[in-house]
Amino acid sequence: MTDATAASQNDAAGIPAASNGDGSGLYLVDGSGFIFRAFHALPMLTRPDGTPVNAVLGFSNMLLKLLADARAEAVAVVFDSKRLNFRNEFYPDYKAHRPEPPEELKPQFALIREATEAFCLPCLELEGYEADDLIATYARLAQEAGRKVTIVSSDKDLMQLVRPGVGMFDPMKNKAIGPDEVFEKFGVPPEKVVDVQALAGDSVDNVPGVPGIGVKTAAQLITEYGDLEALLANAEKIKQPARRQKLIEFAEQARISRRLVLLDENVPPPKPLDELRVREPDHQRLIDFLKAQGFRSIVSRVEMEMLKDGRIADGAGSSAAPASAALASAAPAAKDPAAAPSDEPAERPARKTVLNVPEVRYELVQDADALRRWVERARETGVLAVDTETDSLTPATATLVGVSLSTEPGIACYIPLAHGASTAAAGQLDFDAPPPPVQIPTAEAMAILKDVLEDSSVLKIGHNFKFDHQLFARNGIAVSPVDDSMLISYVLDGGAHGHGMDELAEMHLAYTPIPFKEVCGTGKNQITFDRVPLDKALAYAAEDADITLRLWTLLKPRLVDDRMVTVYETLDRPLVPVVADMERAGVRIDKKALSDLSQSLSVRLAEIEKDVHALAGQSFNIGSPKQLGEILFDTLKLGTGKKGKTGAYSTDSSVLEELAEQGHTIAQRVLDWRQLAKLKSTYTDALQEKISPVTGRVHTAFALAATNTGRLSSTDPNLQNIPVRTEEGKKIRRAFVASPGHKLLSVDYSQIELRLVAEMANIQALKDAFRDGLDIHAATAAQVFGIPLDQMTPDIRRKAKAINFGIIYGISGFGLGRQLGIAPGEANAFIKTYLERFHELKVWMESIKSFARQHGYVVTLFGRRCYMPGIQDKNAARRAFAERQAINAPIQGTAADIMKRAMNRMPAALAAAGSSARMLLQVHDELLFEVPEAEAEDAARIVRGVMEGAAHLGVPLVAEAGIGDNWEEAH
DNA sequence: GGGGTCACG
DNA sequence: GACGTACGTGACCCCT
């Protein structure tokens, strides 16, 4: 069973394959460029002897990842030679403004060459030329030889080289750069980049360009005239006088600039292209080098990365006989490296053995004795990776189809339990169908597995084990203890990338697992897992258990290295059985109430639709923003309309509300239609479909590793966004009901995020206000605007409330202004006053941003890291966005941590009090329970106690409870 | 499959 | 001087 989060993660943040599938691809690493970028991007770090090595570490990590991703392709590293080169001969000022490299960087140049040699990669450099020229030359040579090229660099000067067969990869952002990305940057295709650069110039490299012309203007001119020479020849025809004048005056300077930026692809190559081939690394040498730099934490990773990388002597699966039915039935084995390049890319990269295991042994287990042998083996190893296969993604109701186990890397089995069952169950008389395979009866298999799954001395490992936990729970097995490789990855790298198994296997094991769709198909041809032939089921399922164990082996030690043990052990790991039980419980829905609502909404939508069409004078699809925009702004000409970046009119609610205020009835009617259409399609219709025929309840799935901040999310259906604000929406909440004889109990934290701002930023005035139990928005309004509480007006309180919320979001004058409907300047004045009054806040926000810039992540009060990939972005807008995220994440994340602490303690607290209340849903700051009517008040008291006691801070935590027959009443 | 829109905290 | 803006989610619809 592939879990929902693990599915469909195949696009990967990975590098473009400079691959013909035969090892002929060539990666050219811009070593010189990387040094500077790594140096400035990474915090300072020194060896025990004091030598700075931050750039060396960045470089080693990058190469390591590249070698894993690049698979069995050639890699070479290119360096600048000395500072002067041929460009200085005709333009002495070229790069003249470059300051001396910082002292901490200088000793790292030599070390980075050493690192390259330790990786056994060729160093390319040539006196009188820059690395860029060598890269240009080798790219040309390789392309002529039919080899695909990937330039590993983020230097915009290299973008001119992008063409079919030549791509780029930005190792800092982990992002491929192709023609589209080049166009995004320069506004022209790669072959015209030099013309744009010639006009725009570059202050960093001291390329003069034409004064007053930047990239935007340059791109526009080059697009219009074709190229630089054509533009200069037609300079007189340019309309804007200043621009015309500059282009004429600085024509020659533009030509020189073009020669400066144009890379020389005909330099004498220092090494013949043929020498740039896949090389076998010297592991010991590399490990010795890394140890000498003090990079202890990555040495073990290196060992694994290198071992599993295709370039070691195990042959990358090319000649070794397949070791099992799993491999035999898998995709074609790797092609012979000597074979001619093929035009058609392999469907999937060749299989490779992972880690230092010569072969995989996957066994199909079809009798009880064989299963007992696996149980014995698990008792010996003490660890057991477990994965379940089912016929649906809803574990509360899915049928268990099979179980796979793995006891050590490469050793796994699959135990089919219900294959071929659905045909029989459907009673179809298909005489061609094969008879059901030999299988252990599910009950017998469960009885054998129960002992080991509940054995406290055997650690069970799963990837998204919450899913499997539910299936076993339904079979009377309470699996314990459990580790979850998905959650370990989330704790280690939350915000840096996804945590689905396929994505992690690509990243950490350089391995592409068999895609689920390859086994079960897709769309209407998709089959359930019980219809999959056993050989394919074995290959897929055993591999999942195998990979889970390998990922765990790799990631688990990092918890200690990265000091994330406590976060994992106290917050995320214990949540697995708790949330599994919530999902399994499900929530009762009054189907009749929903279908009545759907019915009445249909009628009202039809009426509104008729009105709108009449007002428009024609019939159109109101649900199409495109058609609606054209009706409003082209046909009816209600104002000019705002267009977004796609050129379409914006018709969102703010636009429609403005039109409605101007008295345009149609706008208000469309708003009404939108609201009702949303409620009907997303809630009243869809929710009915989600009621399980088995349990009669709705079972959402809470994703534990989906958000950047540590929050949960809810899918299938999302029960964290059930309407509550409008009267119509509340009717939907009333359809969430308690079982007969029961009540719903809703308990939510009051103002938890603002309390945490007061706590973390240590804002004394705000903490006092919370301690005194004041109306916090009124209190801040009093402090900020200097108005006594007894003279407070609702409008002033509203403004203070908006600022309080804004703080949590990483405030901006623009955002606050828009929220309050005032000018950004006026909003800025509010913010200024607020920050003066609560001066601790400003200090805190600055320190968070600085921390984020330095480390690339922020931390919550309980130590959870949230990675912020955009914080170093050189685009100011994207950087500002990341800064707001950096402010928000510790606040939102700490609230999420506290809620998790409360949830983890809840089952024991309820049990200890003899309560039979069941936790059903979590909505970020709210928990919903179902409880026997007589126990409701007691349960409310217990739950409030656990929630308020989940953290002991300088501000009190307050939780408020409500009890009712339905969710709306309880809320 | 991406964009637009809108439901929630 | 222009940019592009409040944080975090997921589901639905249209349209290519």
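The table that follows gives values for the structure above.
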read-out	value
Output for segment A:842-870, where each listed residue is in contact with a Cys (Cβ under 7 Å, 6 or more places away or on another chain) and either surrounded by fewer than 19 Cβ atoms within 10 Å (Cβ to Cβ) or among the aromatic types (Phe, Trp, Tyr) (or both)	A:Tyr857
Residue within segment A:549-564 that is surrounded by 23 or more Cβ atoms within 10 Å (Cβ to Cβ), outside the structural domain of A:Leu67 (by TED's automatic domain parsing), in a helix (DSSP H, G or I) and hydroxyl-bearing (Ser, Thr, Tyr) present	no
Members of segment A:672-685 found to be in contact with a Ser or Thr (Cβ under 8 Å, 6 or more places away or on another chain) and near DNA strand B (Cβ under 10 Å from one of its atoms), listed by number	A:Arg674, A:Gln675
Residue among A:Gly954, A:Gly914, A:Gly962, A:Gly945 that alone is of a type in the set (Gly, Ala, Ser) and assigned to a helix (DSSP H, G or I)	A:Gly945
Where a residue in segment A:358-385 is among the acidic types (Asp, Glu) and its partner, wherever it lies, is at pLDDT 95 or above, with Cβ under 6 Å and at least six apart	A:Glu363/A:Cys413
Single condition A:Asp11 does not satisfy, out of (1) charged (D, E, K, R); (2) within 16 Å of DNA strand B (Cβ to nearest atom); (3) modelled with pLDDT of 85 or more	(3)
Residue count, segment A:777-805 (criterion: in contact (Cβ under 8 Å) with a residue 24 or more places away in the chain and buried (at least 21 other Cβ atoms within 10 Å of the Cβ))	6
Subset of segment A:569-622 (residues that are without any contact (Cβ under 8 Å) to a residue 12 or more places away in the chain and in a loop (DSSP other than H, G, I, E, B))	A:Ser619, A:Phe620, A:Asn621
Set A:Gly209, A:Gly214: member being of a type in the set (Gly, Ala, Ser), more than 24 Å from the chain's Cα centre (by Cα) and buried (at least 17 other Cβ atoms within 10 Å of the Cβ)	A:Gly209
Those residues of segment A:517-529 which are surrounded by fewer than 24 Cβ atoms within 10 Å (Cβ to Cβ) and of a type outside the set (Val, Ile, Thr), in sequence order	A:Lys517, A:Glu518, A:Cys520, A:Gly521, A:Gly523, A:Lys524, A:Asn525, A:Gln526
When residues of segment A:710-727 are limited to those that are more than 8 Å from DNA strand C (Cβ to nearest atom) and either in contact with a helix residue (DSSP H, G or I) (Cβ under 6 Å, 6 or more places away or on another chain) or assigned to a loop (DSSP other than H, G, I, E, B) (or both), the one farthest from A:Met564 (Cα to Cα)	A:Thr726
Only one of A:Glu935, A:Glu883, A:Glu930 that is part of a strand (DSSP E or B), among the charged types (D, E, K, R) and outside the structural domain of A:Lys175 (by TED's automatic domain parsing)	A:Glu930
Residue, farthest from A:Val943 (Cα to Cα), within segment A:880-902, restricted to residues that are in contact with a Leu (Cβ under 9 Å, 6 or more places away or on another chain) and small (Gly, Ala, Ser)	A:Gly893
So A:Ile963, is it over 24 Å from A:Leu754 (Cα atoms), β-branched (Val, Ile, Thr) and in contact with a helix residue (DSSP H, G or I) (Cβ under 9 Å, 6 or more places away or on another chain)	yes
Among the candidates A:Thr640, A:Thr635, A:Thr665, residue that is of a type in the set (Val, Ile, Thr), without any contact (Cβ under 8 Å) to a residue 40 or more places away in the chain and away from DNA strand C (no atom under 16 Å from the Cβ)	A:Thr640
Members of segment A:833-847 that are away from DNA strand C (no atom under 11 Å from the Cβ), in a helix (DSSP H, G or I) and closer than 16 Å to A:Phe785 by Cα	A:Thr833, A:Leu835, A:Glu836, A:Arg837, A:His839
Looking only at segment A:686-704, and only at residues there that are within 16 Å of DNA strand B (Cβ to nearest atom) and farther than 15 Å from A:Leu393 by Cβ, the one that is surrounded by the most Cβ atoms within 10 Å (Cβ to Cβ)	A:Leu687
One residue from A:Ile811, A:Ile763, A:Ile803, A:Ile807 being farther than 24 Å from A:Tyr683 by Cα and away from DNA strand C (no atom under 16 Å from the Cβ)	A:Ile763
Matching residues, segment A:623-635, being part of a helix (DSSP H, G or I) and either touching a Phe, Trp or Tyr at 6+ places or on another chain (Cβ under 8 Å) or within 12 Å of DNA strand B (Cβ to nearest atom) (or both)	A:Pro625, A:Lys626, A:Gln627, A:Leu628, A:Gly629, A:Glu630, A:Ile631, A:Leu632, A:Phe633
Given (1) more than 16 Å from DNA strand C (Cβ to nearest atom); (2) out of contact with any Pro (no Cβ under 8 Å at 6 or more places or on another chain); (3) part of a loop (DSSP other than H, G, I, E, B); (4) more than 30 Å from A:Asn174 (Cα to Cα), number of the condition A:Phe862 does not satisfy	(4)
Index of the failed condition, A:Thr707 passing every other in (1) surrounded by fewer than 16 Cβ atoms within 10 Å (Cβ to Cβ); (2) near DNA strand C (Cβ under 8 Å from one of its atoms); (3) within 23 Å of A:Phe465 (Cβ to Cβ)	(1)
Which numbered condition A:Val655 misses (of (1) more than 21 Å from A:Gly729 (Cα to Cα); (2) within 11 Å of DNA strand C (Cβ to nearest atom))	(2)
Conditions (1) farther than 30 Å from A:Asp965 by Cβ; (2) away from DNA strand B (no atom under 16 Å from the Cβ); number of the one not met by A:Asp581	(1)
Qualifying residue in segment A:900-907 (condition: within 22 Å of A:Val587 (Cα to Cα), within 16 Å of DNA strand C (Cβ to nearest atom) and at pLDDT 95 or above)	yes
Residues satisfying the stated conditions in segment A:795-835, i.e. under 32 Å from the mean Cα position of the chain (by Cα) and hydroxyl-bearing (Ser, Thr, Tyr)	A:Tyr809, A:Ser812
Segment A:468-514, subset small (Gly, Ala, Ser) and not in a loop (DSSP other than H, G, I, E, B), residue nearest to A:Ala705 (Cα to Cα)	A:Ser489
Lone qualifier among A:Leu263, A:Leu247, A:Leu290, A:Leu276 - being under 30 Å from A:Arg47 (Cβ atoms), at pLDDT 85 or above, away from DNA strand C (no atom under 16 Å from the Cβ) and buried (at least 18 other Cβ atoms within 10 Å of the Cβ)	A:Leu290
Hey, A:Asn966 among the polar types (S, T, N, Q), under 30 Å from A:Ala396 (Cα atoms) and surrounded by fewer than 22 Cβ atoms within 10 Å (Cβ to Cβ) or not	yes
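The values are calculated or read from the model by the stated rules, or taken from the named source; none is laboratory data. The shown structure was predicted, so the numbers you read here are calculated from the model rather than taken from an experiment. A quick note on method: Cβ atoms are made from the backbone with ideal geometry, for glycine too, and the neighbour counts reach across all protein chains shown.
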